[in-house]
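Colleague: Have a look at this one.
The values are calculated or read from the model by the stated rules, or taken from the named source; none is laboratory data. Because the structure is a prediction, the values reported are computed rather than measured. No Cβ is skipped: glycine too gets one built from the backbone with ideal geometry, and neighbour counts run over all protein chains shown.
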Amino acid sequence: MVGNVVVRLSTAVIRCRGAAAGALQAPSKAAWLSILKRRETWAIVIGRSLTDRSGVLCFLAATISERHARLQLEQIAAFAWIPFVAADLGNFAGGLSSGALIKRGMPLLRARK
């Protein structure tokens, strides 16, 4: 959801700047096709489609738990924060450990994998 907002805002800014400069042009089909042929484009599309659905899944999990397991929203919320905190801790630990490995002399790309 945040990604969609960022894309829409950046597109609006680019269009405003292009209109102010008199260089606003409609993209052609050939331009879109050339973008779709690139591996980088598909890597981003697949990665985002796999990861951006977490909000929808959280909503569905809460709805299913409420309807089928007869749990109240407060009972669901008592434990729903745990995966997000675990992900945050993993992000911090990954950054700290890669930084420590780089300081010890390990090459950058190897330390971050």
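Colleague: Give just the number: which of (1) at pLDDT 85 or above; (2) closer than 24 Å to Thr51 by Cβ does Ala80 not satisfy?
Modeller: (1)
Colleague: Turning to a different aspect of this structure: Could you list, in sequence order, the residues of region 61-100 that are surrounded by 11 or more Cβ atoms within 10 Å (Cβ to Cβ) and charged (D, E, K, R)?
Modeller: Correct list: Glu66 only.
Colleague: Quick check: anything in region 29-44 modelled with pLDDT of 75 or more, loosely packed, with under 10 Cβ neighbours inside 10 Å and not in a helix (DSSP H, G or I)?
Modeller: Yes - at least one qualifying residue is present in region 29-44.
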